[in-house]
Structures are given as C-alpha cells and as structure tokens.
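Quick notes on the structure that follows.
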Amino acid sequence: MHHLHKYPQDLVKRFEGNPIIDRDDIPFACNTVFNAGAVKYGKEYLLLLRVETLEGKSCFVLARSYDGYNFEIGKNPVMEASNEEPFATYEKRGVEDPRITPFEDKYYIFYTAYSKYGPRIALAETYNFENFKRLALVSQPGNKDAALFPERINNLFIRFDRPSTGPTGDIWISYSPDTIYWGRSKVAMEIRPGFWDSDKIGAGAPPIKTEKGWLEIYHGVKGTGAGRIYRLGCALFDLDNPSKLIGRSKIPILSPKEYYERTGDVPNVIFTCGAILEDDGEVKIYYGAADTCICVATCQLQDLLSSCLHH
Ligand code: BMA
C-alpha cells in the first residue's frame, strides 16, 4: 500500500529503503533486531543494535556504515547478559535499548539491565567501540529509558529517566557528580491525558544541544482497546536548567503507519534510542519498528524546534 498521502501527517520523512536492518541481515539466527543506539564516530555511523536471540534475551551487536543507510553488521554480539556480578543477577533476561552519548574522549552507554526483578538502568563505556566496559548499575529496579546529556551542567552529569510510578510514567531528571551516584531526582515532563502521549512517555535519543535549548526526541504511548501505540514526539528544555520544559510538540513527529511499523512482534511501535544531527542541520532518527526491524527517518532540526515552539 505504497502511495503518496494526500495530507502528509508526519513531520519526519521515512527513508524509502526502510527497513534498513532486519533479522536476515544479522549473521546469526535471531528473532528480531530493533531499538538501536546511534552515534557518529569519525566518518562512520555506528548503531548498537538490540538483537533479540531465539531464546528471547536481547544482546547488542555493532553495525557500521559510511552513509547512515547501508550498514555492515558485526559477526558476534559486543555485549551480552553478563556472567559477572553485580551485573549477572540483574541481566539474567538480557540487555536492552542502548543509548550512546559522546562525552569528552569517550562514549557512555546507558542500557536496560533486565531480570526477574524488572528493568534497571546500567552504564557502560567505550573509547573505540571494540572494548566495552560495564561501570555500574545506576538505578534500582523499576527504572529505564535513561538518556545522558553530552556535557556537565554546573559540574554535574545529568540524565533523563523513567521510573515506574504505577500504570502511567513520566520523564524524570536526575543529577550525578560521577555518573555512578544519582540524586536530586524530579519530574521533568509529564504525560498528557487526552493526547497521543497520554499513558507513558520516555526519553528516546540522548538530548541534542541546540541554540533554542536541549532537544529531546521522546516516545509517547497511548493505550487502546487493541493494545498500545508508541509514537515519537519532541520537546525542548532550558539549556542552563534542563529540568525546565520550554515547549513540546502538540502532535507526534512520527506515528506507526507503514506495514513494518504496524506488523511485527509488537505491533504499532515506533521507538528510538538514537538520532544523529548532521552539520547541515539534518537529523537522522533511527528507530525500532514493531520491535522487529530497524528504520531511519530524517528531518530538519529547525522543523523539530518549530514544532516544540508552536504556541
Ligand atoms: C518498551 C520497551 C521497548 C519496546 C517497547 C514496545 O517498554 O520495552 O524496548 O520497544 O516497550 O514493546
């Protein structure tokens, strides 16, 4: 059902070659590939793919590209559920949803450690995308969707995260002197009853610094009689005080519509863990579609900012 829509609804433009990575591209038998961290590393585009194995546990596989669309995929996982404590206990059900933040001379990776206790936030680092070192488990169970800011503000590291506070969930902000101990937590952006992001929201790509503020591309969930719909929106936070919301897109920037977003292990899901801002102002948003494959969509930074500042 590929046709030009009479009234285009998404601010973000899908790549015609979507999905760019699916199960058949992974060089070992697996169930699905989705929700990848994304970063520019020298001239390369790197994706840290969440690959769900046939067992049902997720691991991370590195994919490399020179154009952001055609990826060469690593033969083996670069991170799997750990055998070493304290991580082993809390990663028994795998590692999920990596988000990469370039920070000075290294790259931090926040990911979800998943076990019978539920999801909790874990932190790893790499300098070269060959060796990955786990640093710490940095939340109690019941927290996920952590996205680290790419610089300190007032000498503190800052992250968005999403504690489980019942059937709904908001985006919170926390601060740390050292990336290991986090505190001063408070709510930064709430769900919007009656809107497309009425039930749960969570940070997607790590915040992008712009002249208008910190741009956060986030996911919003709405429950329906037939299950949840995950869409993307964007929001802008104050540069000096990122707990202060400046504006927020009224309508989603990307909603499930194509067959690969509607059909898969979890239908009607668009979920991002990474976006790349190019020098010319184009933003490439990498997203997992239906928890089954990986897609990319592009837009202009200015259009995202305008959508946050519509009112
Ligand atoms: C969220 C996370 C994501 C997933 C999404 C849709 O809670 O688990 O990894 O893509 O649900 O299933």
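Every read-out reported here was derived from the displayed coordinates using simple, explicitly stated rules and does not represent laboratory data. Remember, predicted model here, so these are calculated numbers, not experimental data. Cβ placement follows ideal geometry from the backbone for every residue including glycine, while neighbour counts extend to all protein chains displayed.
Numbers at a glance
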| read-out | value |
| --- | --- |
| Gain upon complete extension [K133, K209; 0.36 nm per residue less C-alpha separation] | 24.7 nm |
| Beta bridge orientation in the chain: antiparallel %, DSSP, nearest 5 | 95 percent |
| ³J(HN,Hα), Karplus 6.51/-1.76/1.60, whole Hz, each residue of the stretch 48-57, x for Gly, Pro | 9, 7, 8, 10, 8, 6, 5, 5, x, 9 |
| Net lengthening on full extension, R228/E104 (0.36 nm per residue, minus Cα-Cα) | 40.8 nm |
| Between the stretch 39-113 and the stretch 237-292, the alpha-carbon center distance in angstrom | 19 Å |
| The chain - charge dipole about Cα centre, Lys and Arg +1 at Cβ, Asp and Glu -1, debye rounded to 20 | 860 debye |
| Rounded, prolate or oblate (a/c below 1.5 giving rounded, otherwise prolate when a/b exceeds b/c) for the stretch 1-148 by Cα gyration tensor | prolate |
| Inter-label distance for K6 and L156, nm, one decimal - labels placed 7 Å from Cα along Cα-to-Cβ | 5.2 nm |
| Where labels lie 7 Å past Cα in the beta-carbon direction, separation of V266 and T298 in nm | 2.9 nm |
| Residue (of G183, P206, F195) at the positive-pole extreme of the stretch 180-222, dipole from beta-carbon charges | G183 |
| Partners for K186 among lysines (Cα-Cα distance below 25 Å; same-chain residues under 8 apart left out) | K144, K200, K209, K212, K222, K244, K250 |
| Distribution of pairwise C-alpha distances over the chain, 10 Å bins, in % | 6, 29, 39, 22, 3, 0 |
| Kirkwood hydrodynamic radius (C-alpha pairs) into Stokes-Einstein, the stretch 187-311, 4 °C and 1.567 mPa s, D in µm²/s | 89 µm²/s |
| Helix-only mean residue ellipticity at 222 nm for the chain, each DSSP H run of n ≥ 4 adding -39500 (n - 2.57), per residue, nearest 500 | -1000 deg cm²/dmol |
| Sites excluded, trypsin sites (Lys or Arg not before Pro) in DSSP loops with at most 12 other C-beta within 10 Å, longest stretch of the chain | 117-311 |
| Efficiency of FRET from Cβ geometry, D238 and H310, R₀ 25 Å, rounded to 0.05 | 0.90 |
| Inter-site label distance for I180 and N83 at 7 Å from Cα along Cβ, in nm | 2.5 nm |
